[in-house]
Every structure is written in C-alpha cells, then in structure tokens.
1. Quick one: compute the contact order of segment 9-65, relative version, from alpha carbon pairs under 8 angstrom and 6+ residues apart, as a percent.
2. Fewest first, what order do Ile49, Ile43, Ile17 take by the number of other Cβ atoms within 10 Å?
3. Largest first, please: the extent of the C-alpha atoms of segment 9-65 along each principal axis, to the nearest Å.
4. Which of the trypsin sites (Lys or Arg not before Pro) across the chain are loop residues per DSSP, with 10 or fewer other Cβ within 10 Å?
5. Relative to the longest principal axis of the chain, what angle (0 to 90°, nearest 10) does the C-alpha long axis of helix 9-21 take?
6. Grab the Cα-Cα distance for Val34 and Ser66, subtract it from 0.36 nm times how many residues apart they are, and report the gain in nm with one decimal.
7. So for Leu56, Leu25, fewest C-beta neighbours within 10 Å to most, what's the order?
8. Between Asp51 and Lys2, what length in nm is gained on full extension when 0.36 nm per residue of separation is reduced by their alpha carbon distance?
Amino acid sequence: MKTYGVDSQIGMIISTIMGSTETTLYTIAVYTSVISIKKTRGILKAALIGDIVGMLVAVVFWQFLS
C-alpha cells in the first residue's frame, strides 16, 4: 500500500481479497465447534477453494472496473 497507494488497482484488488478471505479459518472453527463436527477436512478444502475463487473474482472484477 505504501508503494502503490490505497486507491490504485493493486490496492483495490488486495483489499477485496483480504476482505473475502481473512475470516475463513475463524468461521470454520466457530461453525464446526457449534455443531460439534470433528472431521473438518472436507470443510477446509471447500473453504480454500472458495478463497481461491474469491481471489480470482476480485482480480477479474477490478480489471473490468479499471
């Protein structure tokens, strides 16, 4: 952010990615502990795939807006 600034295309992409992926592990921990799920392997894979998709969508979205 110091190099390119917060209003640059890179700053917007990074902000969108951070906003969509920062709570993945926290959400998995909370939801699985509430309903007492012990095997989280499938949930973790789905969440990480969702994070990757979110990153790609963020890049494509900000490419179209720039």
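1. The normalised contact order for segment 9-65 reaches 58 percent.
2. Ile49, Ile43, Ile17
3. 42, 15, 11
4. Lys2, Lys38, Lys39
5. Approximately 10 degrees, to the nearest 10.
6. So the chain would gain 7.3 nm between Val34 and Ser66.
7. If I rank by nearby Cβ atoms, fewest first, I get Leu56, Leu25.
8. Here the answer is 15.1 nm.
Read-outs: derived from the displayed coordinates by stated rules, not from any lab. Everything quoted here is computed from the prediction, not taken from an experiment. Positions of Cβ are backbone-derived with ideal geometry, glycine not excepted, and every protein chain shown enters the neighbour counts.
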